[in-house]
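**Q** Pasting a structure here, questions to come.
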Amino acid sequence: MKYNFDCKLYLVTEESTPTEELLPMIQKAVSGGVTLVQLREKTSDGKAFYEKALQVKRILDTLSIPLIINDRVDVALAVEAAGIHVGQTDLPIEAVKKIIPDSMIVGISAHTEEEALKAEKSGADYIGVGSVFPTSSKPDAKPLPHETLGRIKDSVSIPVVAIGGITEKNVEQLHPYQVDGIAVVSSITRADDPKLAAQLLLKNAFY
């Protein structure tokens with residue numbers, strides 16, 4: 001049975017945030033309405049990623065929020081995370097699905113209709129699309145035309161999550177494209193009040 005998930009407000013953690021800062025931030029963000037959390041640690045070694053993931057999962061389990069692990073299928077399996085998110089240059093979804101249980105959520109980043117359609121056909125449960133605005137989290141990411149976001153949303157039946165540079169002030173620009181969720185990093189992780197930041201993002205994205 002597939003793990004149920006709500007991708008409406010998808011928090012992606014910042015690289016190498018100390019655990020003692022990360023855990024209270026996640027708790028505050030969830031209290032503000034975050035529905036899904038992805039732990040992203042591209043530069044951490046396996047042991048450090050695993051240990052941080054265990055602590056994050058313990059917190060999220062008490063809050064009934066699914067944990068998604070970025071890239072590392074081994075870490076996702078080791079901590080029994082709810083899901084895994086991969087990019088276009090990571091293991092193909094077909095290979096990932098041979099390794100993980102059927103219950104695990106699989107998400108993938110997509111930048112074109114072709115990538116999105118292939119992801120859906122391969123069994124992805126959701127697609128992350130972006131960067132929809134310039135972002136400091138990935139300064140080399142070229143912003144995706146919003147029309148492309150709209151075409152991707154129209155071309156697939158699985159949830160589409162917009163990501164990249166989304167703030168409470170610009171998220172309203174995404175209304176015409178009726179995305180299923182928004183994924184944010186710094187708008188919450190660097191906010192003085194993560195709870196309020198989450199509340200404002202939800203209010204402005206889905207009113």
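The values are calculated or read from the model by the stated rules, or taken from the named source; none is laboratory data. These figures come from a predicted structure and were not determined experimentally. Note that each Cβ is placed from the backbone with ideal geometry, even for glycine, and that neighbours are counted across all protein chains shown. The area values use the complete protein model at the heavy-atom level, side chains included, leaving out ligands, DNA and RNA. Shrake-Rupley method; radii C 1.70, N 1.55, O 1.52, S 1.80 Å.
**Q** Enumerate the pairs (first residue in region 2-15 and hydroxyl-bearing (Ser, Thr, Tyr); second residue anywhere and assigned to a loop (DSSP other than H, G, I, E, B) and modelled with pLDDT of 85 or more) with beta-carbon separation below 6 Å, excluding pairs fewer than 6 apart on the same chain, so at least 6 apart or on different chains.
**A** Between residues of region 2-15 that are hydroxyl-bearing (Ser, Thr, Tyr) and residues that are assigned to a loop (DSSP other than H, G, I, E, B) and modelled with pLDDT of 85 or more, the close pairs are Tyr3/Ala82; Tyr3/Ser103; Thr13/Arg40.
**Q** Sort through Ile84, Ile93 and tell me the only one that's of a type in the set (A, V, I, L, M), surrounded by 22 or more Cβ atoms within 10 Å (Cβ to Cβ) and either within 18 Å of Ile158 (Cα to Cα) or at pLDDT below 95 (or both).
**A** The unique qualifying residue is Ile84.
**Q** Counting just the residues of region 67-81 that are closer than 21 Å to Gln27 by Cα and among the β-branched types (Val, Ile, Thr), which one comes out surrounded by the fewest Cβ atoms within 10 Å (Cβ to Cβ)?
**A** Selected residue: Val79.
**Q** Among all residue pairs at least 6 apart or on different chains, which show Cβ distances below 7 Å where the first residue, located in region 159-182, is closer than 10 Å to Phe133 by Cα and the second is of a type in the set (Ser, Thr, Tyr) and open to solvent by 20 Å² or more (accessible area, probe 1.4 Å)?
**A** Every condition considered, the pairs that remain are Gly164/Thr135; Gly165/Thr135; Ile166/Ser187; Thr167/Ser187.
**Q** Just to confirm my filter: which strands (runs of 3 or more DSSP E) fall fully inside region 96-207 and include at least 1 residues that are open to solvent by 10 Å² or more (accessible area, probe 1.4 Å)?
**A** The strands (runs of 3 or more DSSP E) meeting that bar are 105-110, 126-130, 160-163.
**Q** Separate question: Provide a single number: the residues in region 51-74 that are within 20 Å of Leu91 (Cβ to Cβ) and in a helix (DSSP H, G or I).
**A** Matching residues across region 51-74 total 3.
**Q** Output the number of residues of region 1-20 satisfying the condition of being within 12 Å of the chain's Cα centre (by Cα), not in a loop (DSSP other than H, G, I, E, B) and not aromatic (Phe, Trp, Tyr).
**A** 3
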